[in-house]
Amino acid sequence: IGKYFSIEPGVQFSTKGMKYTSNSESTYTDGSQTYSYRNDQTSIVRTNNIDVTVLFHGILPLGEVKLYATLGGYIGVGLTGNQIYEREGEETFNGESFSYNEKDEESIDYNSSGDMSRLDFGAIAGLGIQFKGFFLEANYNFGLANLVSLDYSDGYRTNNRVIGVTFGYKIKFKKDDV
């Protein structure tokens, strides 16, 4: 666009994930019968994605050091993923206890009736510094797509929020590149 502004398209492989934990405990008494339980659940989701980005760069040259800001968006496609469920607890009925500790792992189903939406999209903002071709950048991806299948969502949304740090070396293709 000019000497101090540019557009940067990109394609990148990324791994994203989340962890959800819930703990519950309760006791019920009905006459002479007492029932109590404690249940701890953890769900860990990891996905492998291809993200296509378009970023607008604004560059502020300060001698050999260049500061820059980026703003843009991304569209991502989930390729594969897995979900790990862990459940641990104890149930007691009239003094007799039963403990359980379960763990299960399964692949994420991206089909139309599956667990998660394959499509992700959102906004990206970042700041960086460049010195003699080397650069260090921090960015934040703000996912806008609801990743939970509508069949299971019950009114809540799951979005990606990603903090990224990149270190690299910029290859100059033209002599007047900033």
- request: Only strands (runs of 3 or more DSSP E) wholly contained in the stretch 1-99 count here; list those with 2 or more residues that are in contact with a Gly (Cβ under 6 Å, 6 or more places away or on another chain) and surrounded by 13 or more Cβ atoms within 10 Å (Cβ to Cβ).
  value: 33-62, 65-93
message: For the list (1) outside any strand (DSSP E or B); (2) open to solvent by 40 Å² or more (accessible area, probe 1.4 Å), I need the number of the one condition that Tyr110 fails.
response: (2)
statement: From the option list Asp151, Asp176, single residue qualifying as closer than 21 Å to Phe5 by Cα and either at pLDDT below 80 or loosely packed, with under 11 Cβ neighbours inside 10 Å (or both) is Asp176
- prompt: What about Phe93, is it modelled with pLDDT under 90 and not charged (D, E, K, R)?
  reply: yes
query: Which members of the stretch 76-97 meet the condition of being over 21 Å from the mean Cα position of the chain (by Cα) and under 22 Å from Thr21 (Cα atoms)?
result: Arg87, Glu88, Gly89, Glu90, Glu91
field: Which numbered condition Asn101 misses (of (1) at negative phi; (2) in contact (Cβ under 8 Å) with a residue 24 or more places away in the chain)
entry: (2)
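The values are calculated or read from the model by the stated rules, or taken from the named source; none is laboratory data. Fair warning: this is a prediction, and the values are worked out from it, not measured in the lab. Here the Cβ is made from the backbone with ideal geometry for all residues, glycine too, and neighbour counts use every protein chain on show. Side chains included, ligands, DNA and RNA excluded: accessible areas come from the protein's heavy atoms. Shrake-Rupley method; radii C 1.70, N 1.55, O 1.52, S 1.80 Å.
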